[in-house]
Each structure stands twice: as C-alpha cells, then as structure tokens.
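The values are calculated or read from the model by the stated rules, or taken from the named source; none is laboratory data. For clarity, every value in this text was computed on a predicted model and none was experimentally measured. Note: ideal-geometry Cβ built from the backbone for every residue, glycine included; neighbour counts use all protein chains shown. The area values use the complete protein model at the heavy-atom level, side chains included, leaving out ligands, DNA and RNA. Shrake-Rupley method; radii C 1.70, N 1.55, O 1.52, S 1.80 Å.
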Amino acid sequence: MNLRKGDLVEVISGEDRGRRGKILRVETDREGRRNRVIIEGLNLAKKHQRPRGAGKPGGIVDLPNPIDASNVMLLCPKCGKKARVRREPHEKRRVRICRECQEIIDA
C-alpha cells in the first residue's frame with residue numbers, strides 16, 4: 001500500500017467524495033488484505049460517551065471511522081494533484097514517486 005500516516009489524501013468515492021484530509025492512522029487486518037485509513041474530520045460517527053470522572057465529562061462526541069484505502073487517493077505535495085504512485089530505489093532506500101510530476105514524495 002502506498003499510503004502512510006501524515007499523507008494528505010482526497011476521497012474519490014462515497015459520501016465524503018472530493019473532501020481532503022490528513023491520514024491519522026493506517027489499519028490492516030491480520031492477513032494484510034483489507035487496508036483501511038482514518039482521516040481527520042472525515043467519515044465521522046457520533047458516539048454517546050459516559051462521564052469518566054471529573055476530568056472527562058460525558059456527551060456526544062464525533063469520532064472518525066476508517067475508510068477503505070481504495071477509496072482515497074494520495075495528493076502530491078509538490079504539484080497538488082491526485083497522484084498515482086510508483087516506488088523506485090533511491091539512495092539505498094525505496095521511495096514513492098508521483099507519476100504526474102516525477103517528483104519524490106518521501107522526504
């Protein structure tokens with residue numbers, strides 16, 4: 001999978017289509033077949049939370065739910081377009097390269 005924590009992505013299908021956000025967490029199942037990402041501010045669900053002591057009051061909280069990784073697309077930090085990614089060796093490590101502008105995405 002070509003997505004990592006901290007990447008800026010755009011949702012390409014579903015209810016939040018066209019919206020952008022930063023990846024908070026990448027989840028995979030044990031077999032490695034189902035990749036899902038949690039994006040800040042997108043795919044929110046309401047959770048009714050009980051009070052947990054004096055410091056944490058109860059109420060209704062918005063929690064981001066995972067989205068399948070196939071439904072989001074990486075945004076190139078250099079050209080700003082939705083980009084398909086290829087991986088190539090560069091200075092003793094594999095880096096992600098934008099297919100649109102040919103720039104290295106990994107810092």
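A few points about this structure:
- Being modelled with pLDDT of 90 or more and closer than 25 Å to Gly18 by Cβ is true of Pro64.
- Residue match in the range 69-78 (condition: within 19 Å of the chain's Cα centre (by Cα) and basic (Lys, Arg)): yes
- Selection status of Leu8, among the hydrophobic types (A, V, I, L, M, F, W, C), under 19 Å from the mean Cα position of the chain (by Cα) and open to solvent by 80 Å² or more (accessible area, probe 1.4 Å): yes
- Residue that is part of a loop (DSSP other than H, G, I, E, B) and without any contact (Cβ under 8 Å) to a residue 60 or more places away in the chain, where the choices are Gly14, Gly21: Gly14
- Long-range neighbours under 7 Å by Cβ, at least six apart or interchain, first residue closer than 7 Å to Pro64 by Cβ within the range 26-44, second basic (Lys, Arg) and surrounded by fewer than 13 Cβ atoms within 10 Å (Cβ to Cβ): Ile38/Arg25
- When residues of the range 65-86 are limited to those that are open to solvent by 40 Å² or more (accessible area, probe 1.4 Å) and in a strand (DSSP E or B), the one farthest from Arg25 (Cα to Cα): Arg86
- For the range 28-42, the candidate set comprises residues that are at pLDDT below 90 and of a type outside the set (Lys, Arg); within that set, the residue that is farthest from Asp62 (Cα to Cα) is Glu31.
- Flag if Arg87 is more than 17 Å from the chain's Cα centre (by Cα) and touching a residue at least 60 places away in the same chain (Cβ under 8 Å): yes
- Considered as a group, the residues in the range 55-64 that are of a type outside the set (Lys, Arg) and part of a strand (DSSP E or B) include one that is nearest to Ile39 (Cα to Cα), and that residue is Pro64.
- Counting the residues of the range 87-107 that are assigned to a strand (DSSP E or B) and either touching a helix residue (DSSP H, G or I) at 6+ places or on another chain (Cβ under 8 Å) or open to solvent by 60 Å² or more (accessible area, probe 1.4 Å) (or both) gives 6.
- Some residue of the range 44-54 being open to solvent by 40 Å² or more (accessible area, probe 1.4 Å), in a loop (DSSP other than H, G, I, E, B), under 30 Å from Asp106 (Cβ atoms) and small (Gly, Ala, Ser): no
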